[in-house]
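The values are calculated or read from the model by the stated rules, or taken from the named source; none is laboratory data. Remember, predicted model here, so these are calculated numbers, not experimental data. Positions of Cβ are generated from backbone atoms using ideal geometry, with glycine treated the same way; all protein chains shown enter the neighbour counts.
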Amino acid sequence: YYPRCPQPELALGVEAHTDISALTFLLHNMVPGLQLYNDGKWVTAKCIPGALIVHIGDQVEILCNGQFKSGLHRGLVNKEKVR
C-alpha cells in the first residue's frame, strides 16, 4: 500500500532493489509506479488488466548460478491515486 503523494518529486517511494526471495508475485492495480531497470534505463511496467507480474529473486539467481537474473526494480509514488 502506497498512499497518494501530492509532491512525488520529493518522495522516494521504494528505492531500487532486487528481491531476496525466490519469486515475488504482484497483482497490478492499474496505477503506474513499478519500474524495471533494463539496458541502462528505467522502464515503467505496462498496466495490463488481470496480469500477474512475477519477479525472479536473488535465491533463484544463486540456485541457477546466474542463468536467471534477479530483476532490479523500484516503486514510484503517485500524485493522484493510492497504489
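A few remarks follow.
- In region 24-80, residue farthest from GLU9 (Cα to Cα) [restricted to those that are surrounded by 15 or more Cβ atoms within 10 Å (Cβ to Cβ) and touching a Pro at 6+ places or on another chain (Cβ under 9 Å)]: HIS28
- Residue ID - farthest from ARG74 (Cα to Cα), chosen from residues in region 1-48 that are assigned to a loop (DSSP other than H, G, I, E, B), modelled with pLDDT of 95 or more and more than 10 Å from the chain's Cα centre (by Cα): ALA22
- Pairs linking a residue in region 54-83 that is within 16 Å of THR18 (Cα to Cα) to a residue that is of a type in the set (Lys, Arg) and surrounded by 14 or more Cβ atoms within 10 Å (Cβ to Cβ), with Cβ atoms under 8 Å and 6 or more positions apart or on different chains, are GLY75/ARG83.
- Taking first residues from region 9-20 that are within 14 Å of TRP42 (Cα to Cα) and partners that are loosely packed, with under 11 Cβ neighbours inside 10 Å, no Cβ contact under 6 Å between residues at least 6 apart in sequence or on separate chains turns up.
- Candidates ARG83, ARG74, filtered to the one that is outside any loop (DSSP other than H, G, I, E, B), closer than 14 Å to LEU26 by Cβ and either at pLDDT 95 or above or basic (Lys, Arg) (or both): ARG74
- The residue that is modelled with the lowest pLDDT, counting only those in region 49-63 that are farther than 15 Å from ARG74 by Cβ and assigned to a strand (DSSP E or B), is LEU52.
- Summed over region 18-43, residues that are within 15 Å of TYR2 (Cβ to Cβ) and not aliphatic (A, V, I, L, M) total 5.
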